[in-house]
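Please treat every number below as a calculation from the coordinates, not as lab data. Quick caveat, the model's predicted, so the values are computed rather than measured. A quick note on method: Cβ atoms are made from the backbone with ideal geometry, for glycine too, and the neighbour counts reach across all protein chains shown.
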Amino acid sequence: MPELPEMETYLTLLAPRLSGKTITGTEITREKSINVPVGVWREAVIGSSVQRLERRGKHLLFHLPGERLLLLHLMLGGWMFCGTEADKPDRTVQVKLAFGSEELYFIGLRLGYLHLLSLEEAEAKLAVLGPNPLELTVAQFGERLRMRRGSLKATFLDQGFLAGIGNCYTDELCFHAGIRPDRKIADLRDAEVLALYHSMQTILQQAMAHGGYMEHPLYTGDRWTGGAGDLCQVYDRGGEPCNRCGDAIVQTELAGRKLFYSPGCQH
């Protein structure tokens, strides 16, 4: 599932391409991917301009005139491609937005969605999200973490704790800090909380600088998106040797979610 660095990459690349552009056409092949009847959708979006783009956690917001917006959550398996029909990947497209000759394709929205909402509706939906982890001070992070119970993994996956961190970056930041993601928060020492904070900042910033771990480019010739995939130290590397200690990376599950750690250097 795309997390904060992947959605920030999309925001960075799409904002200059789409801001101020008018939606000239749309196509819906999976009505469950939107939240209104197709006729209502077409009437609302065609002729509207994208005034600006914004990211909230794992969501991307396409602001339209009249305090309306399109709220995107790609969920598991969702991604986007921006280009012409000739350049489009040979994949099933659930939603398409046309901007003249250039089109934005929403692909793999089996669980994801693109909803047309008023600004008020969107704010109510997003009100459950926690703060942006990159905007927290170490004191704020420690205070929020100490209020939680259970494991680090479960806590970081809760978007009400922090918005934007998911399966991959939870395991990666815990590896960077030298702490197992199944550690109980109540057992953490102050030095470990500090290490987690700095690792969170480092891993997220590093992933953003390299375009996240998405497998597919956003447009033809895009060599930035997905560059962080090669930086993963434990995620999806079960059974492989750890680059830091040489032990085989463990893959297990916690509450139905994949969990990866290096037993030799995470404690």
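In the structure shown, do any of LYS32/LYS58; LYS88/LYS258; LYS32/LYS125 have a Cα-Cα gap over 25 Å, and if so which? Display every interim value, and only then the final one.
Details: LYS32/LYS58 20 Å; LYS88/LYS258 32 Å; LYS32/LYS125 18 Å.
Too far apart for the 25 Å limit: LYS88/LYS258.
Pop the C-beta distance of ASP230 and GLU120 into the FRET formula with R0 = 41 Å and round what comes out to the nearest 0.05. So, using R0 = 41 Å, E works out to roughly 0.45. Modelled spin labels at LYS258 and ARG110, positioned 7 Å past Cα toward Cβ, are 1.4 nm from each other. Approximating the spin labels as points 7 Å out from Cα along Cα→Cβ, the THR92-to-ASP187 distance works out to 4.4 nm.
Each Lys and Arg Cβ is given +1 and each Asp and Glu Cβ -1; about its Cα centre, the chain then shows a dipole of about 420 debye.
In a reduced charge model with +1 at each Lys and Arg Cβ and -1 at each Asp and Glu Cβ, the range 89-176 shows a dipole moment near 440 debye about its Cα centre.
Candidates CYS242, GLY256, GLN205 compared by Cα position along the dipole of the range 133-261: farthest toward the positive end lies GLY256, with charges placed on Cβ. Taking 0.36 nm per residue of sequence separation and removing the Cα-Cα distance, the GLN140/ARG30 pair yields an extension gain of 35.4 nm.
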